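Presented below is the structure to which this report refers.
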Amino acid sequence: MRNGFTFKGKHTSEFDVTVRTQSRPVRPDAKDQTYEAALMDGKYDFTGANVYGRAFYDERVFKYDIQVTADDLRLLQRKLGRLAVWLDGAGELTFDDTPNVKWYARVIDAVEYKPEHGDTAVLSVTFDVKPFAASLFDVIDGPIIDSDIFLDDMIPLDLSEYFIFDAVKDVPQTVYNIGDRHVRPKITLENVSGKVTIECNGNALTVPSACVIDCEKQTVTDSGGNSLMTKVKGIFFELAPGANTFVLSAAAKVTVSYYPKFMYDDNFDNIYLGDDEDE
């Protein structure tokens with residue numbers, strides 16, 4: 001059987017089918033951020049002319065053929081019915097040949113089938129997926145036991161020491177993004193009283209007290225989950241691949257969590273966490 005995939009917690013092997021790839025782009029298309037004026041040659045290119053200073057990307061489309069066989073036509077239709085229910089809605093999508101990353105996907109277009117010969121049919125399915133793959137683990141939790149990470153990636157099993165630290169007022173602290181794409185982290189501030197500002201990559205965010213900052217959802221809440229957004233000022237920032245610098249205006253215990261993101265497959269071979277290369 002060819003490599004299959006898992007969608008919404010179920011693997012293709014549970015349906016006794018064969019999966020064939022029609023299209024699976026290895027990179028997404030960049031969003032067009034240009035403007036064409038009538039009285040000029042070429043275009044104005046505004047790529048990177050935003051608060052994050054980078055290009056942004058469109059979602060990808062993955063297309064697959066699923067070959068279904070059964071002992072008779074009645075059983076074939078029952079199989080197709082089960083597949084139709086499974087291939088509905090949205091959820092996590094992982095592939096057997098890239099087992100360390102997941103995609104957030106939703107099924108688009110019609111799920112159609114065409115009879116081939118006898119009691120065999122081919123079901124076509126199209127997924128609309130987020131631009132980048134995400135690691136299966138959050139940096140606070142570290143790699144999953146028995147994962148297929150390559151030995152030469154040299155990634156520590158316990159990453160938490162790099163992402164939980166006691167910040168000192170106005171003293172820079174390095175925070176690493178171990179993926180190859182930008183991420184928007186979740187930051188928990190503890191042991192701080194009163195207003196505090198975090199500066200990172202040219203952007204600053206001021207929060208009223210100890211809190212949880214979700215840069216992806218652009219929310220700030222207290223420990224009970226109550227919104228503090230009316231008391232927040234500034235810009236929710238991103239972590240660029242590699243080293244990033246945090247500067248806090250007050251001492252605090254800081255926890256930074258995120259799922260590393262990748263262009264296509266996991267890429268930890270060049271991971272650098274500021275350790276001495278001679279150690």
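The values are calculated or read from the model by the stated rules, or taken from the named source; none is laboratory data. Source: prediction; values computed, not measured. When we count neighbours, we look across all protein chains shown, and the Cβ atoms used for this are built from the backbone with ideal geometry, even at glycine.
Given the structure, is residue 138 of a type outside the set (Val, Ile, Thr), more than 17 Å from residue 14 (Cα to Cα), part of a loop (DSSP other than H, G, I, E, B) and in contact (Cβ under 8 Å) with a residue 60 or more places away in the chain? For residue 138, the condition - of a type outside the set (Val, Ile, Thr), more than 17 Å from residue 14 (Cα to Cα), part of a loop (DSSP other than H, G, I, E, B) and in contact (Cβ under 8 Å) with a residue 60 or more places away in the chain - is met.
Among the residues of the stretch 32-39, at least one is closer than 25 Å to residue 264 by Cβ and either touching a residue at least 24 places away in the same chain (Cβ under 8 Å) or more than 21 Å from the chain's Cα centre (by Cα) (or both).
Regarding residue 211, is this residue touching a Ser or Thr at 6+ places or on another chain (Cβ under 7 Å) and at pLDDT 95 or above? Against the criterion (touching a Ser or Thr at 6+ places or on another chain (Cβ under 7 Å) and at pLDDT 95 or above), residue 211 qualifies. Evaluated against (1) surrounded by 15 or more Cβ atoms within 10 Å (Cβ to Cβ); (2) at pLDDT 90 or above; (3) part of a loop (DSSP other than H, G, I, E, B), residue 88 falls short on exactly one condition, (1). Being assigned by TED's automatic domain parsing to the domain that holds residue 108, surrounded by 15 or more Cβ atoms within 10 Å (Cβ to Cβ) and out of contact with any helix residue (DSSP H, G or I) (no Cβ under 7 Å at 6 or more places or on another chain) is a property that residue 26 lacks. The criterion of at least 2 residues that are crowded, with 19+ Cβ neighbours inside 10 Å is met, among strands (runs of 3 or more DSSP E) falling completely within the stretch 177-230, by 186-190, 196-200, 203-207, 211-214. Among the residues of this structure, residue 62 does not count as one that is hydrophobic (A, V, I, L, M, F, W, C) and under 30 Å from residue 235 (Cα atoms).
One residue is enough: does the stretch 155-175 have a residue meeting the conditions buried (at least 19 other Cβ atoms within 10 Å of the Cβ), out of contact with any helix residue (DSSP H, G or I) (no Cβ under 8 Å at 6 or more places or on another chain) and not hydrophobic (A, V, I, L, M, F, W, C)? Checking the stretch 155-175: not a single residue is buried (at least 19 other Cβ atoms within 10 Å of the Cβ), out of contact with any helix residue (DSSP H, G or I) (no Cβ under 8 Å at 6 or more places or on another chain) and not hydrophobic (A, V, I, L, M, F, W, C).
The one condition from (1) over 26 Å from residue 136 (Cβ atoms); (2) touching a residue at least 12 places away in the same chain (Cβ under 8 Å) that residue 91 does not meet is (1). In the stretch 131-146, how many residues are modelled with pLDDT of 90 or more and either among the small types (Gly, Ala, Ser) or within 14 Å of residue 93 (Cβ to Cβ) (or both)? So the answer is 6.
Given the options 161, 190, 199, name the one that is among the acidic types (Asp, Glu) and closer than 30 Å to residue 265 by Cβ. Just one listed residue meets the conditions, 161.
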